Amino acid sequence: MLNPDRLARLDAFLIDLNRAAAEVILPLFRADHGMENKTPEATYDPVTDADKGAEEAIRRLIAQTFPEHGVIGEEHGEDRPDAEFVWVLDPVDGTRAFVAGLPLWTTLIALRHEGAPVLGSIGQSFLDEIYIGHAGGSRLISNAGVSPLKVRPC
């Protein structure tokens, strides 16, 4: 289990990662996003410059801040997947909606510590919302401020 200070630092960094992804993605939403089909010989599996560029931006920030951390990304594969800390990335989850101009896509970022998930986020850049969760709690960060989230007791 991570100590609270370390978790707080990683939690704050997770917000930075979401913001870095948004800076790349938003200018390409409903614009020339450079869509390609990753598997032209089979099914339709789109990838855009937003997918690739956002993952590259996230990876750069991780490498600068936590060079010992590993990364597993949808677009650029694995780098030190057996490290103590490993970030798992899907820079544009819902690429088909992104390509269609529908705001039904998100940026998914998670952190594993020694193989177990410890921190995660769902970033909805178009709405300027980030949902964050970890063992210490969960919250929504938006233009309206920070709202704690919880599940029903049942």
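The values are calculated or read from the model by the stated rules, or taken from the named source; none is laboratory data. This one's a predicted model, so the numbers in the text were calculated from it and none came from an experiment. Positions of Cβ are generated from backbone atoms using ideal geometry, with glycine treated the same way; all protein chains shown enter the neighbour counts. Surface areas here come from the heavy atoms of the whole protein model, side chains and all, with no ligands, DNA or RNA. Shrake-Rupley method; radii C 1.70, N 1.55, O 1.52, S 1.80 Å.
Data table
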{"item": "Between helix 49-65 and the chain: long-axis angle, C-alpha atoms, 0 to 90°, nearest 10", "result": "30"}
{"item": "Cα long-axis angle, helix 4-25 against the chain (0 to 90 degrees, to the nearest 10)", "result": "10"}
{"item": "Principal axis dimensions, segment 14-85 - Cα atoms, whole angstrom, descending", "result": "36, 28, 14"}
{"item": "Over the chain: Rg over Rh, Cα atoms, Kirkwood Rh", "result": "0.98"}
{"item": "Where GluC sites (Glu not before Pro) fall in DSSP loop in segment 80-154, at most 16 other Cβ within 10 Å", "result": "E84, E114"}
{"item": "Segment 43-100: chymotrypsin sites (Phe, Trp or Tyr not before Pro) falling in loop per DSSP and having at most 15 other Cβ within 10 Å", "result": "Y44"}
{"item": "Residues of segment 1-127: accessible area per residue with a 1.4 Å probe, Å²", "result": "50"}
{"item": "Carbon plus sulfur fraction of accessible area for the chain, probe 1.4 Å, in percent", "result": "55"}
{"item": "Total charge dipole magnitude, the chain, about the Cα centre, Cβ charges on Lys, Arg, Asp, Glu only, Debye to nearest 20", "result": "680"}
{"item": "Area projected by the alpha carbon convex hull of segment 57-103, averaged over all directions, nm²", "result": "3.6"}
{"item": "Whole-angstrom gap from segment 1-25 to segment 44-91, using each part's C-alpha centre", "result": "14"}
{"item": "Normalised per residue, the volume of the convex hull around the Cα set of segment 39-121 (Å³)", "result": "104"}
{"item": "Low-density loop positions, GluC sites (Glu not before Pro), segment 29-73 - DSSP coil, at most 13 other Cβ in 10 Å", "result": "E41, E68"}
